[in-house]
Amino acid sequence: MTDRKELEKDFTKNGVNFARAESFSRLTTIGTGGGADIIARPQNVIEFIKAAEISQKHGERTLFLGGGSNVLASDDGFRGVVVSTRGVSEIYVERENGGNVFVRAFAGVTLGALSSFCVREGIGGAEFLSGIPGTVGGAAVMNAGCFGNSVKDVLESVFVLNDGKMELFSAEECSLGYRSSAFQTNKCVVVSVLFKLKRTFAERIVKKIAIYTALRSDQPKGKSMGSVFRNGAFPAGKVIEACGLKGMRVGGAFVSEKHANFIINDGTASSADVRDLIRTVKTIVKERTGVTLEEEIKYVGEFK
Ligand SMILES: Cc1cc2nc3c(=O)[nH]c(=O)nc-3n(C[C@H](O)[C@H](O)[C@H](O)COP(=O)(O)OP(=O)(O)OC[C@H]3O[C@@H](n4cnc5c(N)ncnc54)[C@H](O)[C@@H]3O)c2cc1C
């Protein structure tokens, strides 16, 4: 067990805001989960790097969290330090040539803020990301995408923190695949992403965003993590629906009637409810169809 008092002193000395025992129900879009021992809230990239260094120096398990829109945290919480990237939200045009515009966005920039920036600056290509409720860091880690596009299509390079050292990863080195990236396996921290976008007219961008927003309008409402399972040969939602599992419920968690790959918290769910429902859906789908569903979401903390 590390000396938490010394850790907290180090955070204070370096100007890093932190809080104790903050609940994951407030840090995640599904709105469930217990407390994080300590959550650090760096407000710029220097503090972000410091927070990571300090946590590592004190031998703490460290979790980097963006929008919390793709995670299910245990009801027992997380023993260690959560570093929230949300305050690390600088964004600017780094360079421009031959119609290409290279936008540097730090880990905590929300995809909504990236879209607003692109509209304001007349930069096209990232419109498809506008409705995803995550951050740039989380989107790079997950290679987030929709409507036939993913981060891979617009990513030029990434600055990562790798064992305390800042490194530049080319797009190729990021190994972006279907909801996967090198960052999920080698535990690098995404500090900033350089997007390769195009100079275009603001009206055109607004129009595209409106189309994508309309396409999302029948997406289930309520507290969720978006799609729970990865799509395989068939869309996971269709397979779950075919098994008649829409509306299936465990405690306060239920399979959406609108889109069977979404699990919704009715406001009373625990993470154990969500996890049990995921397990039950997987078991029934396997029995009835032979398909092994695999989670897209990430688990945080210990689950029984
Ligand atoms: C309503 C809804 C709709 C959604 N629609 C889509 C969709 O259309 N397409 C899609 O792909 N996803 C979708 N999602 C899922 C989710 O929004 C994306 O996966 C998003 O990119 C996650 O970003 P985040 O910042 O919330 O990441 P988080 O949930 O905070 O984190 C996800 C993972 O990345 C890690 N991580 C986060 N930031 C960093 C960092 N800087 N460095 C290292 N690791 C980090 C976390 O530890 C965790 O393992 C949806 C979710 C919801 C709730």
Where a residue in segment 50-66 is under 19 Å from GLY108 (Cβ atoms) and in contact (Cβ under 8 Å) with a residue 24 or more places away in the chain and its partner, wherever it lies, is assigned to a loop (DSSP other than H, G, I, E, B) and among the basic types (Lys, Arg), with Cβ under 9 Å and at least six apart: SER55/ARG61; LEU65/ARG86; GLY66/ARG86
Failed criterion for HIS58 (all others in (1) closer than 30 Å to ASP273 by Cβ; (2) more than 9 Å from the ligand (Cβ to nearest atom); (3) not assigned by TED's automatic domain parsing to the domain that holds GLY148 hold): (1)
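Going through segment 70-103 one residue at a time, which ones are in contact (Cβ under 8 Å) with a residue 40 or more places away in the chain and either among the polar types (S, T, N, Q) or at positive phi (or both)?
ASN70, SER74, GLY77, GLY80, SER84, THR85, GLY99, ASN100
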ALA40 being in a helix (DSSP H, G or I), of a type in the set (A, V, I, L, M) and within 15 Å of the ligand (Cβ to nearest atom): no
So ARG104, is it within 22 Å of ASN162 (Cβ to Cβ), in contact with a Leu (Cβ under 8 Å, 6 or more places away or on another chain), more than 10 Å from the ligand (Cβ to nearest atom) and of a type in the set (Lys, Arg): yes
Members of segment 62-79 that are more than 9 Å from the ligand (Cβ to nearest atom), surrounded by fewer than 23 Cβ atoms within 10 Å (Cβ to Cβ) and within 19 Å of the chain's Cα centre (by Cα): THR62, SER74, GLY77
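Condition check ((1) touching a Lys or Arg at 6+ places or on another chain (Cβ under 6 Å); (2) near the ligand (Cβ under 8 Å from one of its atoms); (3) in the same structural domain as HIS58 (by TED's automatic domain parsing)) across all residues:
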{"position": "GLU121", "(1), (2), (3)": "no, no, no"}
{"position": "GLY134", "(1), (2), (3)": "no, yes, no"}
{"position": "ASN143", "(1), (2), (3)": "yes, yes, no"}
{"position": "GLU167", "(1), (2), (3)": "no, no, no"}
{"position": "GLU173", "(1), (2), (3)": "no, no, no"}
{"position": "LEU176", "(1), (2), (3)": "yes, no, no"}
{"position": "LYS196", "(1), (2), (3)": "no, no, no"}
{"position": "ARG199", "(1), (2), (3)": "no, no, no"}
{"position": "VAL206", "(1), (2), (3)": "no, no, no"}
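The values are calculated or read from the model by the stated rules, or taken from the named source; none is laboratory data. All values derive from a computational prediction rather than experimental measurement. With ideal geometry, Cβ positions are generated from the backbone for all residues, glycine too; neighbour counts draw on all protein chains shown.
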